[in-house]
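What follows is a short report on a single structure.
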Amino acid sequence: MPELGPLRPERVAVYTLTLPGLSVAERIQRVLPGSTLYLSAKYRALAPQKAVVFAEPIRELLQRTWALHDGHVFVMASGIVLRASASLLLDKRVDPAVLVVDPAGRFAIPLLSGHLGGANPLARYLAEALGMQAVLTTGTDSLGAPAPDLLAKALGARVPDWGPLKEVSALLVDGRTVGFFSECVDLSPLARYPMVRLLEAPVPQGVEGMVLFTCKRPWPLPVPALFAHPKALVLGIGCNRGTPREEVRREVLGFLEEHGLARESLLCLSTATIKQDEEGLLAFAEEMGLPLSFHPPEVLNRQAIPNPSEVVFRHTGLWGVAEAAVLAEGASLLVQKTKRGNLTLALGVVPLAIPEEALP
């Protein structure tokens, strides 16, 4: 059974306007537990329990249901759906998944947000569960090419500029060579695609476009290039007692800037249990929306850190905090400990893998 993708069943709406469509819609609802069924009022007497009966035109109904659901499955003609939803469309990054199923229940056709919204995996899921045929028209899916936007979503990577996506995707669909690079993601599953060249360095040699899953901030390249920042960086922090949030923020962001790293790639902060009541550190973690891990002495002291400190050990019983806290998270050291004001900082990177369901 294929994965449902990013959509949760309870966040999906199913609509039907016809009697044949009702039986199909009920089948869809059964394989999407918690989904909401919207049924035309002329079939009120046949309405299943908890179905929402509507009397207004579908265009008016969508005005109030569009934002309530992350996915919309319409058991009706695609023309009706296109006309009813046209005024609601904003951007591929925020539009919900839209899927059309014919009233006979033969075809599941994603119309909108196939990748980022999850309409394509929803179509595959319904096809497998109900014996339909998924009709995918996105170029990368239909031609068996990896989709950079789907990969970024699957990895939880932030894309600072989606502008190059169209050109890079067009190159992939045309079978032109696109270079993929990452210092934090295992890209080896992409080697099976003939239009992909895995790069050992972020240099556009022999490629017409690039996709970079990198913790580094974007830089100019002579070919169309899509940058995506996976959350792969672990920041180890030690600090003097009473260091204010403002100094923590200034020094951490300055540290990332100095090393050309994107703050969007921060996965978590890590430190020692003796810092559990450090108000400035706690406030900074909350401000950044980052988890903050605390490790006990026995965990930190068994890490093989490159720069142990006898001074720190005499005062805290720890051979080091910043580097040890990075290693305790299962990360490999990227930047050894650096003293900045009242802080000691170290940075590591955790290895990431591409989920299989993100590949065609």
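As a test, work out the antiparallel percent of DSSP beta bridges whose residues both lie in the chain, rounded to the nearest 5.
Details: 19 of 60 bridges.
Rounded to the nearest five, the antiparallel share is 30 percent.
If you restrict to DSSP beta bridges whose two residues both lie in region 26-111, what percentage is antiparallel, to the nearest 5?
Working: 3 of 11 bridges.
Antiparallel: roughly 25 percent of the beta bridges in region 26-111.
Do the alpha carbons of any pairs in K231/K275; K275/K339; K92/K231 sit beyond 19 Å of each other, and which pairs?
K231/K275; K92/K231
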Among A84, A119, L300, whose Cα lies farthest out toward the positive end of the dipole of the chain, if unit charges sit on the beta carbon of Lys, Arg (+1) and Asp, Glu (-1)?
-> A84
Student exercise, region 1-72 dipole from Lys, Arg, Asp, Glu Cβ charges, in Debye to nearest 20 = 180 debye
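For region 1-95, what class follows from the C-alpha gyration tensor (a ≥ b ≥ c being the square roots of its eigenvalues): rounded when a/c is under 1.5, otherwise prolate if a/b is larger than b/c, else oblate? Before the final figure, lay out the partial values.
Details: a/c = 1.75, a/b = 1.11, b/c = 1.58.
Judged from the Cα gyration tensor, region 1-95 comes out oblate (a/c at least 1.5, b/c at or above a/b).
Rounded, prolate or oblate: pick one for region 150-292, where a ≥ b ≥ c are the square roots of the eigenvalues of its C-alpha gyration tensor, a/c under 1.5 means rounded, and failing that, prolate if a/b is larger than b/c, else oblate.
It comes out prolate by the Cα gyration axes.
So what is the accessible area of region 238-360 per residue, in Å², with the probe set to 1.4 Å? List each step's numbers first, then the result.
On the way: 5960 Å² over 123 residues.
In whole numbers, region 238-360 has 48 Å² accessible per residue.
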Accessible area per residue, 1.4 Å probe, Å², for region 135-228: what's the number?
-> 44 Å²
Once a ≥ b ≥ c are taken as the square roots of the eigenvalues of the Cα gyration tensor of region 235-307, is the result rounded (a/c under 1.5), prolate (a/b larger than b/c) or oblate (a/b not larger than b/c)?
-> oblate
What is the sum of charges around L37, taking Lys and Arg as +1, Asp and Glu as -1, for the other residues whose C-beta is under 12 Å from the C-beta of L37?
-> +2
Local net charge near S309, Cβ-Cβ under 15 Å (Lys/Arg +1, Asp/Glu -1) = +1
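Quote the convex hull volume per residue of region 264-360, based on C-alpha atoms, as a whole number of Å³. Write out the running numbers ahead of the final one.
Numbers: hull volume 12.4 nm³, N = 97.
Given the Cα convex hull of region 264-360, per-residue volume reads 128 Å³.
Quick one: net charge around T18, please, counting Lys, Arg +1 and Asp, Glu -1 for every other residue with C-beta under 15 Å from its C-beta. Working shown, then result.
Values: positive: R27, K42, R44, R106; negative: E26, D102.
Once positives and negatives cancel, what remains is +2.
Which FRET efficiency value, to the nearest 0.05, do you get for R30 and T137 by plugging their Cβ-Cβ distance into 1/(1 + (r/R0)^6) with R0 = 30 Å? Write out the running numbers ahead of the final one.
On the way: r = 27 Å, r/R0 = 0.89.
Approximately 0.65, to the nearest 0.05.
Relative contact order of region 235-324: what whole-number percent is it, with Cα pairs under 8 angstrom and at least 6 residues apart? Don't skip to the end; give the middle numbers.
On the way: 114 pairs, mean separation 29.3, N = 90.
Normalised by residue count, the contact order of region 235-324 is 33 percent.
So what is the calculated 222 nm ellipticity per residue for the chain, using -39500 (n - 2.57) for each DSSP H run with n of 4 or more, over all residues, to the nearest 500 deg cm²/dmol? Walk me through the intermediate numbers first.
Details: 12 runs with 104 residues, N = 360.
Only helices count here, giving -8000 deg cm²/dmol.
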Note down the relative contact order for the chain as a percent, whole number, built from C-alpha pairs under 8 angstrom at least six residues apart.
-> 12 percent
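How large, in percent, is the carbon and sulfur part of the accessible surface of region 256-360 at a probe radius of 1.4 Å?
Numbers: 2630 of 5100 Å².
Reported share for carbon and sulfur atoms: 52 percent.
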Label-point gap, in nm, between A201 and Q276 - each point 7 angstrom along Cα→Cβ = 4.8 nm
Give or take rounding to whole Å, what are the principal axis extents of the alpha carbon atoms in the chain, in descending order?
-> 80, 50, 34
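Can you give the charge dipole size of the chain about its Cα centre, rounded to the nearest 20 debye, using +1 on the beta carbon of Lys and Arg and -1 on the beta carbon of Asp and Glu? Don't jump to the answer; show the numbers that get you there.
Details: 34 positive and 36 negative charges, 143 e Å.
It works out to roughly 680 debye.
Of the heavy-atom accessible surface of region 43-115 (probe 1.4 angstrom), what whole percent is carbon and sulfur? Walk me through the intermediate numbers first.
Details: 2170 of 3810 Å².
Here it works out to 57 percent.
The values are calculated or read from the model by the stated rules, or taken from the named source; none is laboratory data. Keep in mind the model is a prediction, meaning the values are calculated, not measured. Neighbour counts run over all protein chains shown; Cβ positions are idealised from the backbone, glycine included. All accessible areas refer to the heavy atoms of the entire protein, side chains included, with ligands and DNA or RNA removed. Shrake-Rupley method; radii C 1.70, N 1.55, O 1.52, S 1.80 Å.
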